[in-house]
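One structure below.
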Amino acid sequence: MSSSEFAADVIVVGAGNAAACAALSAHENGASVVMLEASPQELRGGNSTFTGGMLRFAYNGAGDLKRLVPDMVEQDLSNVEFDTYTEAQFFDDMGRLTQYRCDPDLTEVMIKRSFETTDWMRTKGVRLELTLGSHAFKVGGKFKFWGGLPCQIWGGGPGLIDALHTSVGKAGIRVLYETPAIGLLHGDQGVIGVRARREGRTLELRANAVVLACGGFESNAEMRARYLGPNWDLAHVRGTRFNTGRGIQMALDVGAMPTGHWSGCHATEWDMNAPPFGDLAVGDSFQKHNYTFCVYINAKGERFVDEGADFHTYTYAKYGREVLAQPGLFAWQIFDQKVTHLLREDYRIKRITKVEANTFEELAPKLEGVDGRRFLETIKAFNEAPRPDVAFDPNSLDGLCTRGLAINKSNWAQRLDKPPYHAYGVTCGVTFTFGGLKITTRSEVEDTAGKPIPGLYAAGELVGGIYYHNYASGSGLMSGAVFGRIGGRGAAAYAATRR
Ligand SMILES: Cc1cc2nc3c(=O)[nH]c(=O)nc-3n(C[C@H](O)[C@H](O)[C@H](O)COP(=O)(O)OP(=O)(O)OC[C@H]3O[C@@H](n4cnc5c(N)ncnc54)[C@H](O)[C@@H]3O)c2cc1C
């Protein structure tokens with residue numbers, strides 16, 4: 001059934017960060033816009049709502065940050081070292097983490113537009129705050145930022161989505177909830193609308209341009225097993241249940257080019273008793289990212305990764321895969337009292353899998369599923385391993401490493417010798433998938449011949465080619481915002497030529 005009731009120049013599929021940025025951008029460039037969202041209104045915002053609101057952008061010192069965080073001038077920041085995170089540093093991180101596979105053109109656009117897009121988001125009501133305490137520890141009376149993330153969105157993911165949707169509402173953009181897109185209307189002129197389900201009916205919604213911003217396939221167990229491999233169907237989903245890969249499939253059905261790391265994904269350590277999909281009441285707090293200060297133990301009672309290879313912002317997205325590869329698909333993070341003050345709030349939530357004891361002998365039987373005898377041997381060997389005589393410093397790659405172990409810990413390798421010992425049980429939580437649609441630097445979806453499909457744009461998780469193997473924390477929201485904004489503008493301009 002065709003429906004003129006929802007006619008618009010541009011249809012945006014999805015209502016998360018990338019979609020809201022696309023819709024607002026299309027609107028400010030003169031288009032009428034309708035957004036289609038699969039979820040009910042109370043669950044709106046997709047994975048973007050589940051985020052902690054970390055946002056990665058290039059900046060050249062405190063002056064730039066003051067522009068984005070005007071409240072900074074009211075804070076006493078004399079004990080804070082801001083440093084810089086230049087475009088070159090951002091490029092280096094993206095290259096290193098993706099093993100130099102990230103699409104150079106898309107990566108360049110994301111990085112070079114990161115600061116101005118953050119500033120643009122501010123005009124849409126998004127507020128930022130400093131990440132003191134989580135991404136800068138106080139050492140010797142001074143905070144020093146590490147990992148390129150001095151700011152997060154005020155109110156986290158829910159704050160981001162509230163702000164963007166308030167602007168969407170003010171712009172008069174209609175959001176049709178519980179209206180999943182199921183296909184694209186496609187003819188000789190390219191894409192001319194969307195087929196969607198609403199209130200038990202199939203509708204054909206016409207538009208002059210469509211922006212797909214409806215997530216990857218992380219919430220689809222069948223696709224995870226098919227593309228990511230064995231046992232990925234058993235992974236927990238950290239966020240929304242609605243990102244089932246439909247948007248990607250719709251585009252492939254009209255000839256779009258798949259690209260990127262289809263067997264790769266962002267996956268982290270996640271409470272082993274968390275529900276199968278994300279729970280907005282807990283948000284991202286099932287995550288346990290302070291493993292850099294722990295000894296990580298698997299079911300065999302053995303260590304299996306270099307916990308201190310780098311700051312967690314550069315390893316957490318690939319260590320979920322390491323946990324999934326362990327027998328029983330779980331692991332325990334063990335800490336002593338020397339570091340508990342450094343652990344994030346996520347380690348103090350009510351719904352947590354945690355045990356503690358005053359000795360390792362008492363702790364061993366409490367570590368469910370673990371070979372206790374081997375665990376004791378592992379801890380003993382870890383504590384006895386020789387180390388250089390350097391000071392522990394959580395703000396830098398301190399070089400406090402073990403030597404002579406099968407797997408050494410490269411930094412922050414303090415001995416575990418101050419009880420009581422705390423242990424946290426984790427499994428693998430998948431965040432989002434890396435494979436997706438090939439787009440141009442103007443967010444146009446390309447076909448298999450490398451030509452833009454007229455009228456079709458994409459942004460956010462369902463874009464392929466940006467992440468391979470690993471991920472730089474805070475860049476998912478940035479990629480969605482940059483390409484959403486560009487795609488919205490492009491869709492509005494294209495729609496104007498078709499009117
Ligand atoms: C727990 C967690 C924490 C994270 N923390 C951060 C962080 O701090 N910083 C960061 O940069 N990134 C973070 N990420 C990653 C980040 O969430 C994503 O990269 C980003 O939000 C993706 O935005 P998006 O708009 O592409 O997708 P989403 O925000 O997921 O939006 C997609 C929307 O499309 C809808 N949809 C799906 N299928 C259809 C359909 N067929 N029709 C209509 N609608 C559909 C979904 O319901 C959803 O609302 C985190 C992710 C999770 C899960």
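The values are calculated or read from the model by the stated rules, or taken from the named source; none is laboratory data. Small disclaimer: the values here were computed from a predicted structure and weren't measured. Here the Cβ is made from the backbone with ideal geometry for all residues, glycine too, and neighbour counts use every protein chain on show.
List of remarks:
Here's the yes/no breakdown for (1) assigned by TED's automatic domain parsing to the domain that holds V194; (2) within 30 Å of L203 (Cβ to Cβ); (3) of a type in the set (G, A, S):
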site	(1), (2), (3)
V12	yes, yes, no
E37	yes, yes, no
S48	yes, yes, yes
G52	yes, no, yes
A58	yes, no, yes
D83	yes, no, no
A88	yes, no, yes
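- Within region 37-64, being in a helix (DSSP H, G or I) and surrounded by fewer than 24 Cβ atoms within 10 Å (Cβ to Cβ) holds for Q41, E42, L43, A62, G63, D64.
- For region 450-457, the count of residues that are more than 14 Å from the chain's Cα centre (by Cα), under 27 Å from A267 (Cα atoms) and surrounded by fewer than 24 Cβ atoms within 10 Å (Cβ to Cβ) is zero.
- Qualifying residue in region 49-57 (condition: in contact (Cβ under 8 Å) with a residue 40 or more places away in the chain, within 27 Å of E345 (Cβ to Cβ) and away from the ligand (no atom under 15 Å from the Cβ)): no
- Residues that are in contact with a Gly (Cβ under 7 Å, 6 or more places away or on another chain) and not in a helix (DSSP H, G or I) were ranked within region 65-101; the one that is surrounded by the most Cβ atoms within 10 Å (Cβ to Cβ) is Y85.
- Residue list for region 9-36, filter: more than 19 Å from T166 (Cβ to Cβ), buried (at least 24 other Cβ atoms within 10 Å of the Cβ) and away from the ligand (no atom under 11 Å from the Cβ): V10, A31
- Flag: L456 does not match the condition of being at pLDDT 95 or above, part of a helix (DSSP H, G or I) and outside the structural domain of D279 (by TED's automatic domain parsing).
- Restricting attention to region 459-488, the residues that are over 13 Å from V109 (Cβ atoms) and either more than 7 Å from the ligand (Cβ to nearest atom) or not assigned by TED's automatic domain parsing to the domain that holds N29 (or both) total 8.
- Number of positions in region 118-158 that are among the β-branched types (V, I, T) and surrounded by 21 or more Cβ atoms within 10 Å (Cβ to Cβ): 3
- Region 237-273: number of residues that are near the ligand (Cβ under 10 Å from one of its atoms) and in a loop (DSSP other than H, G, I, E, B): 8
- Taken across region 160-180, residues that are within 11 Å of the ligand (Cβ to nearest atom) and in a strand (DSSP E or B) do occur, with at least one present.
- Which numbered condition E446 misses (of (1) outside any loop (DSSP other than H, G, I, E, B); (2) acidic (D, E); (3) touching a helix residue (DSSP H, G or I) at 6+ places or on another chain (Cβ under 8 Å)): (3)
- Region 396-443: number of residues that are over 29 Å from the mean Cα position of the chain (by Cα) and in a strand (DSSP E or B): 1
- Checking each residue of region 292-313 against the condition of being under 17 Å from F432 (Cβ atoms) and assigned to a helix (DSSP H, G or I) gives at least one match.
- Among residues of region 109-142 being of a type in the set (D, E, K, R), touching a residue at least 24 places away in the same chain (Cβ under 8 Å) and in a helix (DSSP H, G or I), the one that is farthest from A171 (Cα to Cα) is K112.
- Test result for I192, in contact with a Gly (Cβ under 8 Å, 6 or more places away or on another chain), closer than 23 Å to L456 by Cβ and either within 12 Å of the ligand (Cβ to nearest atom) or not hydrophobic (A, V, I, L, M, F, W, C) (or both): no
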